[in-house]
1. How far apart, in nanometres, would the label points at K31 and F109 be if each is projected 7 angstrom from Cα along the Cα-to-Cβ direction?
2. Above 14 angstrom, tally the Cα pairs of region 1-43 and express them as a % of all pairs, no decimals.
3. Counting each DSSP H run of 4 or more residues in the chain as -39500 (n - 2.57), what helix-only mean residue ellipticity at 222 nm follows after dividing by all residues, to the nearest 500 deg cm²/dmol?
4. Taking 8 Å as the Cα distance limit and 6 or more residues as the minimum spacing, I'd like the relative contact order of the chain as a percentage.
5. Report the local net charge at E24: Lys and Arg +1, Asp and Glu -1, summed over other residues whose C-beta lies under 13 Å from its C-beta.
6. Using the reciprocal of the averaged 1/r over all distinct C-alpha pairs, how large is the Kirkwood radius of the chain in Å?
7. Just for the chain, what percent of DSSP beta bridges are antiparallel, to the closest 5?
8. So, in the chain, how many Lys pairs have Cα atoms under 13 Å apart, if the pair is 8 or more places apart or on different chains?
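Read-outs throughout are calculated quantities, based only on the coordinates presented, and are distinct from any laboratory measurement. Just so it is clear, the model here is predicted, and its values are computed rather than measured. Cβ atoms come from the backbone with ideal geometry, glycine included; neighbour counts cover every protein chain shown.
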Amino acid sequence: MEMQIKNRWTEKVIYETEAETLKEAVEKAVKEKANLSEANLSKACLSGAYLSGANFSGANLSETDLFRANLSGVDLSKANLTGAYLSEANLFFLKMDKKVFKQIIEEWFGWEVAE
């Protein structure tokens, strides 16, 4: 089946491939070093996905299931992670800005982070 990943703002297709699932399409894109900045992956099931080194800067990952996903070295700067499920995900060497860090700390631990 033809799968497309679109820009979150313009809806322009930024990556397309033959895949059975969106997870498989995203893993292919990452393996091919596709630029997934500003991708719309809201509510995607990426549980257990190997995403190491991906560029998700500015991407919409709200309510995305990233349980046990390998996010090592992923660029999450300016990404939207509101409601994303990150339990047991590999978060080593993440690149993120203060806003993303604040989202992760507040949602994971329930701690309030001062501005």
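1. 3.6 nm
2. Details: 359 of 903 pairs.
When all Cα pairs of region 1-43 are counted, 40 percent exceed 14 Å.
3. Per the formula, -6000 deg cm²/dmol.
4. Worked out over the chain, it gives 17 percent.
5. Residues near E24 contribute -3 overall.
6. 13.9 Å
7. Values: 6 of 14 bridges.
Within the chain, antiparallel bridges account for around 45 percent of the total.
8. Value for the chain: 6.
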